[in-house]
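Here is the structure we will look at, set down as structure tokens.
The values are calculated or read from the model by the stated rules, or taken from the named source; none is laboratory data. From a predicted model like this one, the values you see are computed outputs, not experimental measurements. Here the Cβ positions follow ideal geometry from the backbone for every residue, glycine too, while neighbour counts run over all protein chains shown.
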Amino acid sequence: MKKILLLAAILAAAWYWQGAGHPGAGPAGQPGRQQSPTRHDAIAAAFENRQSGIQVTGAGVVVRILADDDDGGRHQRFLLELDSGQTLLIAHNIDLAPRIGALREGDAVSFHGVYEWNDRGGVIHWTHHDPQGQHTPGWLRHNGRTYE
């Protein structure tokens, strides 16, 4: 009986972390809907191949909150660690979208934006709407709220 309960717990945890129950997991542009468990494969491949300009969706845990970047457009900045161990800098334009309030290290954040390569893991930007309507809208999701 203990083995069955253990197996059930492992399967439930796997289901949760593969996207079905993970906050904000979903296909591009659709926060909160189930997504393929390989959602970070595109990010890992872009990093390995030094590619940029790739629209991606994923989720991670905040490992560090950085000071805002006020050079040009203002950006809220923080580091996310993906379940693969890769880290990403999130650069969220707070002139075009609301700041994530009460963001803390250890919080889960989902994202949809554009990946840009760098040697530290990469940057995600365009996590907001495009006021000119020429770019795919991005978003961030934190504690059940979507920031776009």
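Summary table below
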{"item": "Residues of region 71-90 satisfying the condition of being in contact with a Ser or Thr (Cβ under 8 Å, 6 or more places away or on another chain) and buried (at least 18 other Cβ atoms within 10 Å of the Cβ)", "result": "L79, L80, I90"}
{"item": "Residue in region 74-84 that is modelled with pLDDT under 95 and more than 19 Å from R145 (Cβ to Cβ) present", "result": "yes"}
{"item": "Residue match in region 57-70 (condition: closer than 17 Å to R141 by Cβ, surrounded by fewer than 20 Cβ atoms within 10 Å (Cβ to Cβ) and modelled with pLDDT under 95)", "result": "no"}
{"item": "Matching residues in region 104-118 - criterion: being buried (at least 17 other Cβ atoms within 10 Å of the Cβ) and aliphatic (A, V, I, L, M)", "result": "V109, V114"}
{"item": "Condition broken by A97, with the remaining ones in (1) out of contact with any Ser or Thr (no Cβ under 6 Å at 6 or more places or on another chain); (2) within 24 Å of D41 (Cα to Cα); (3) buried (at least 16 other Cβ atoms within 10 Å of the Cβ) satisfied", "result": "(2)"}
{"item": "Subset of region 119-148 (residues that are on the phi > 0 side of the Ramachandran plot and either surrounded by 13 or more Cβ atoms within 10 Å (Cβ to Cβ) or at pLDDT below 95 (or both))", "result": "G121, G122, W126, G133, N143"}
